[in-house]
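Read the structure below first, then the notes.
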Amino acid sequence: MPLTDELWSSITEIYNAILEHDFIVGLTDGTLIEESFKYYAVQDALYLREFARALSIAAAKSPVDEWMIMFNEHSAGALKVERALHESFFRDFGIDTEDVYSTPLAPNNLAYTSYLLSVAYSAPFHEVIGAILPCYWIYGEVGKELIKKGSPNALYQRWIDTYGGEEFEVIVKAVLALANEVGESLREEEKRMVKSRFITTSRYEWMFWDMGFMRQDWPVG
């Protein structure tokens, strides 16, 4: 069985919970409060900066030149292409980008990115792949699911079109192919560690959307 099949089957409950979350449902039926989407967009822009760092570390650890090139390109893309999407939202909301990047990370965002970077810096390459994969894969699957439904809100439709589009699907497929190639040479214990990383960051994906929906703040201080 390909490694990615094993990984996806391990998060069935998590993925279903994501699809059923009020944030995701609200994107397609238009009920999501725009303040929640604005909060999410700001925090996601901050997240992408740290995700790009993790991808750069994955590139540095890559044993294959083509993988190194790919992750460096994806790191640059997270800062250029996806940042451009977020900054288009900020223009619509009248938010200054300097204010965005001086915003503190929300609790769930800080927890997610801290875990991601900890794995990226300290773990072997195959575990790094397990940790970064949900951000690609879950967004791609959610995008494909939501694009079938569309949204009455033009802002939300722009988000759906980005992650449900063919261009993003090509990126996801490339990382999945890499993961399966890596998985071919892994021992069972190594696969278990990849799965553990994958499940943890999949949980953080759910928590990120929940954070956006609730507009999470620090409870003290």
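A few remarks follow.
- Spin-label model distance (nm) - residue 92 vs residue 115, 7 Å beyond Cα toward Cβ: 2.9 nm
- To the nearest ten degrees, helix 107-122 and the longest principal axis of the Cα atoms of the chain are 20 degrees apart.
- Against the chain, whose longest principal axis is taken from its Cα atoms, helix 166-183 shows a tilt of about 30°.
- Rounded to the nearest 20 debye, the dipole size of the chain about its Cα centre is 260 debye, using +1 on the Cβ of Lys and Arg and -1 on the Cβ of Asp and Glu.
- Pairwise centroid distance, computed over Cα atoms, of the stretch 64-102 with the stretch 137-170, Å: 17 Å
- Mean residue ellipticity at 222 nm, helices only, the chain: -27000 deg cm²/dmol; runs of at least 4 DSSP H residues each add -39,500 (n - 2.57), and the sum is divided by the number of residues.
- Each residue in 50, 13 was given a count of other beta-carbon atoms within 10 angstrom of its own, and listing them fewest first yields 13, 50.
- Qualifying aspartates and glutamates (Cα of each under 14 Å from Cα of residue 144; at least 8 residues distant if same chain): 161, 166, 167, 169
- Residue-span extension gain [residue 64 to residue 103] - 0.36 nm each, minus C-alpha spacing: 10.3 nm
- Rh (Kirkwood; distinct C-alpha pairs) - the chain, Å: 17.7 Å
- In degrees, nearest ten, helix 34-61 long axis to first principal axis of the chain (Cα): 20 degrees
- Computed lengthening from residue 6 to residue 35, 0.36 nm per intervening residue step minus Cα-Cα distance: 6.7 nm
- Sequentially through the stretch 208-216, phi angles give Karplus couplings (6.51, -1.76, 1.60; θ = phi - 60°) of 5, 5, 5, 4, x, 4, 7, 6, 4 Hz, Gly and Pro residues having no value and appearing as x.
- Legend: distances between Cα atoms for 38/195; 149/191; 61/173; 61/195; 61/148; 38/61; pairs beyond 30 Å are 38/195; 149/191; 61/148; 38/61.
Values in this text are rule-based calculations from the coordinates and carry no lab data. Note that this is a predicted model, so its numbers are computed, not measured. All Cβ positions, glycine included, derive from the backbone under ideal geometry; neighbour counts span all protein chains shown.
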